[in-house]
Amino acid sequence: MKKNDYYYFLAKKKGYVSRAAFKLIQINERFYIIKRGYVVLDLGASPGGWSQVARKLVGDHGRVIAVDLNPLRIRGVEFVRGDIFSDDVVNRIRALVNEVDVIISDMAPKISGVSSWDHARSMELAGRAEEMARIFLKEGGHMVVKVFQGDMMRGFVRKLNKEFDLVKVHKPKASKPNSSETYIICKRFIRNDENGGSVGDYELKRKEEGNNKVK
């Protein structure tokens with residue numbers, strides 16, 4: 001209940017649009033993901049708590065680009081409205097930036113109440129964040145992505161271990177104790193032929209896949 005939620009009232013007091021802001025604050029205090037001058041891509045950003053925190057962390061010389069289907073208006077944050085699974089959104093991000101230092105994703109599916117379904121949908125969103133990392137994340141960059149715990153998480157972490165120098169599963173104190181959410185912290189991206197190249201490589205691959213479809 002909100003009346004007993006410490007972080008809900010703290011967010012109101014500090015001027016954050018959501019209590020989720022403190023999750024990123026706590027993650028960054030422990031893992032040093034975002035620094036001044038960084039360019040940050042925030043996936044599924046609305047209502048904007050993580051974008052607010054990222055904006056403060058990067059300072060005047062950094063940038064935060066937020067993406068969501070829902071509207072978002074945070075001072076100093078560049079916003080791309082659309083579906084993260086669409087090529088159009090990839091191209092619109094590409095028009096703003098070639099590469100980013102950090103990708104953050106607090107995306108979660110609409111809760112159905114069926115834990116296995118919710119887990120699978122959360123892993124689909126996390127997988128898209130990983131795809132966006134292969135498109136936009138610079139060599140040595142970092143990523144934070146939320147998942148709901150379940151049997152598919154282990155394989156996803158195993159995949160990330162091949163793409164990053166350090167991968168940790170972490171649940172910040174601001175996460176509700178009864179929530180199945182957890183965060184995968186990925187540091188120092190290793191770009192190679194297996195995990196993707198430039199945005200141009202991505203677009204070429206999509207065209208090739210389209211040409212190879214049975215007609």
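A compact table of results
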quantity: Residue within region 27-35 that is of a type outside the set (Phe, Trp, Tyr), touching a residue at least 40 places away in the same chain (Cβ under 8 Å), loosely packed, with under 13 Cβ neighbours inside 10 Å and under 22 Å from LYS171 (Cα atoms) present; calculated: yes
quantity: Any chance LEU41 is outside any loop (DSSP other than H, G, I, E, B), in contact with a helix residue (DSSP H, G or I) (Cβ under 9 Å, 6 or more places away or on another chain) and touching a residue at least 24 places away in the same chain (Cβ under 8 Å); calculated: yes
quantity: Pair list, Cβ < 6 Å and 6+ apart or interchain, from region 144-160 residues that are touching a residue at least 60 places away in the same chain (Cβ under 8 Å) and surrounded by fewer than 21 Cβ atoms within 10 Å (Cβ to Cβ) to residues that are among the basic types (Lys, Arg) and part of a strand (DSSP E or B); calculated: none
quantity: Residues that are assigned to a loop (DSSP other than H, G, I, E, B), without any contact (Cβ under 8 Å) to a residue 24 or more places away in the chain and touching a strand residue (DSSP E or B) at 6+ places or on another chain (Cβ under 9 Å), drawn from region 44-80; calculated: LEU69, GLY76
quantity: Residue satisfying condition, being among the β-branched types (Val, Ile, Thr), in contact with a Ser or Thr (Cβ under 6 Å, 6 or more places away or on another chain) and closer than 22 Å to ARG30 by Cα, within set VAL157, VAL147, VAL100; calculated: VAL147
quantity: Residue ID - nearest to MET132 (Cα to Cα), chosen from residues in region 36-83 that are charged (D, E, K, R) and surrounded by fewer than 18 Cβ atoms within 10 Å (Cβ to Cβ); calculated: ASP83
quantity: Residue ranges of helices (runs of 4 or more DSSP H) in region 103-215 with at least 1 members modelled with pLDDT under 95 and over 19 Å from the mean Cα position of the chain (by Cα); calculated: 115-136, 199-211
quantity: Meets criteria (of a type outside the set (Asp, Glu), surrounded by 13 or more Cβ atoms within 10 Å (Cβ to Cβ) and touching a strand residue (DSSP E or B) at 6+ places or on another chain (Cβ under 6 Å)) for TYR7; calculated: no
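The values are calculated or read from the model by the stated rules, or taken from the named source; none is laboratory data. Keep in mind that this is a model prediction, so the values were computed, not measured. Methodologically, a virtual Cβ is constructed for each residue, glycine included, from the backbone with ideal geometry; neighbour enumeration extends over all protein chains shown.
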